[in-house]
């Protein structure tokens, strides 16, 4: 019989701490909603895995390593069996040093403590349970933000109807992924008692805005699911590949920002999650398997700085052009120093099997196209691809995006990997998924 437990840790920053996710320094002036670490711990009688979703912009390797060590000491769960994924909220705390923000050791310690608390609580409350796994679809709240323009270049967020460059748009330059992945847990034989939910979806968490700390649209997903299932029901959110996906529809008028719109996104995702749960087949057994691949991947060579510079769109602001260019000049120096110290870096790719579900992770702001390719080639149906998990290696665009231009490929610590990185991560994910598929067959 399966055993499952959930746990929650509070990782809310202090008012006045830095809020990363922009070009320049900014500080949080308040708290709109608590930021959480939410863990789902699953034990199949032989192995245990922990899925942890955290409300942060990123998660860096030192914090992951420290949290995994502490969790293993407290629970005996092996570190490689623990998935820690950031939801990429741009209204979170100072989790990493990037562009205009610096990590805060006080906050890093809080995040580590919150992760350990969540997993330990899940471990200590393991109980007999059934799980359901399903996939829904929500097409109306996420959009690819990159566009092919009349001159052949690609631009990130070229602008909505009525803005100066909108008429130069030819077509969207990449796909989106409408899948809403759902793993739900209920008490055995009690169809009305949902005990916890894990949701996976691919969209940047750039909706709420403002200067108050917030988990972004994940907060509203939680609120609406808890309004339906009970205020005590934990909701773990895992982010799909959304390096080029946001809530902004550049092809339509209207504003897709602010708490009200984040609430709408949460409501739509919650509604689809509930629909999926009502149609689930419930499993009393679900074999677990885990595999890691750690490819050594290259930091890119020095770029042609002028060729990388977007003509307009995201990353181009005439009112702050000198400051932005100075920031990127400094970033190129920092990337060059990183490359001198270590031209190739190990990148963790984790695969987890939970019954029929395959999960593949990486630490990139991974472009959607790669995630879709992994899903198509995976031995599992369904497959979730979880990005910004277990480390942070920055944007990983497609090869076409590298040569097409736009914001995401521009060299900085937040976009430093070489052009082949996306393909290497894809291949590593499929190797790891194949390994866990074979392990399950061997055990069966």
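The values are calculated or read from the model by the stated rules, or taken from the named source; none is laboratory data. Predicted model, so just to flag it, every value in this text is computed and none were measured. Neighbour counts are summed over all protein chains in view; Cβ atoms, including those assigned to glycine, are modelled from backbone coordinates with ideal geometry.
Reported count of residues in the range 360-399, each being over 24 Å from residue 236 (Cα atoms) and touching a residue at least 40 places away in the same chain (Cβ under 8 Å), is 7. Can you say whether residue 200 is surrounded by fewer than 19 Cβ atoms within 10 Å (Cβ to Cβ), touching a residue at least 40 places away in the same chain (Cβ under 8 Å), on the phi < 0 side of the Ramachandran plot and part of a strand (DSSP E or B), as far as the supplied structure shows? For residue 200, the condition - surrounded by fewer than 19 Cβ atoms within 10 Å (Cβ to Cβ), touching a residue at least 40 places away in the same chain (Cβ under 8 Å), on the phi < 0 side of the Ramachandran plot and part of a strand (DSSP E or B) - is not met.
For residue 406, the conditions (1) modelled with pLDDT of 95 or more; (2) assigned to a loop (DSSP other than H, G, I, E, B); (3) touching a helix residue (DSSP H, G or I) at 6+ places or on another chain (Cβ under 9 Å) all hold with the exception of (3). Inspection of the range 57-69 identifies no residue that is within 22 Å of residue 232 (Cα to Cα), buried (at least 24 other Cβ atoms within 10 Å of the Cβ) and touching a residue at least 24 places away in the same chain (Cβ under 8 Å). Summed over the range 358-378, residues that are over 14 Å from residue 427 (Cβ atoms), in contact with a strand residue (DSSP E or B) (Cβ under 7 Å, 6 or more places away or on another chain) and surrounded by fewer than 24 Cβ atoms within 10 Å (Cβ to Cβ) total 1. Take the range 79-93 and flag every residue that is closer than 15 Å to residue 62 by Cβ and surrounded by fewer than 23 Cβ atoms within 10 Å (Cβ to Cβ). Correct list: 79 only. The combined condition, being touching a helix residue (DSSP H, G or I) at 6+ places or on another chain (Cβ under 7 Å), surrounded by 14 or more Cβ atoms within 10 Å (Cβ to Cβ) and not in a loop (DSSP other than H, G, I, E, B), is not fulfilled by residue 114.
Among the criteria (1) out of contact with any strand residue (DSSP E or B) (no Cβ under 6 Å at 6 or more places or on another chain); (2) in contact (Cβ under 8 Å) with a residue 40 or more places away in the chain; (3) not in a helix (DSSP H, G or I), the one residue 231 does not fulfil is (2).
Inspect the range 403-410 for any residue being closer than 30 Å to residue 40 by Cβ and within 20 Å of the chain's Cα centre (by Cα) and give the result as yes or no. No, the conditions are met nowhere in the range 403-410.
The condition of being surrounded by 23 or more Cβ atoms within 10 Å (Cβ to Cβ) and touching a strand residue (DSSP E or B) at 6+ places or on another chain (Cβ under 9 Å) holds for residue 11.
Among the helices (runs of 4 or more DSSP H) confined to the range 240-357, the ones with at least 2 residues that are over 25 Å from the mean Cα position of the chain (by Cα) and surrounded by 15 or more Cβ atoms within 10 Å (Cβ to Cβ) are located at 321-341.
Remark: residue 131 falls outside the filter, which requires a residue to be surrounded by 17 or more Cβ atoms within 10 Å (Cβ to Cβ), over 23 Å from residue 27 (Cα atoms), touching a helix residue (DSSP H, G or I) at 6+ places or on another chain (Cβ under 9 Å) and at pLDDT 95 or above.
Scanning the range 85-95 for residues that are under 18 Å from residue 416 (Cβ atoms) and in contact with a helix residue (DSSP H, G or I) (Cβ under 9 Å, 6 or more places away or on another chain) returns a single hit, 95. The residue of the range 50-102 that is farthest from the chain's Cα centre (by Cα), among those that are part of a loop (DSSP other than H, G, I, E, B) and more than 23 Å from residue 203 (Cα to Cα), is 76.
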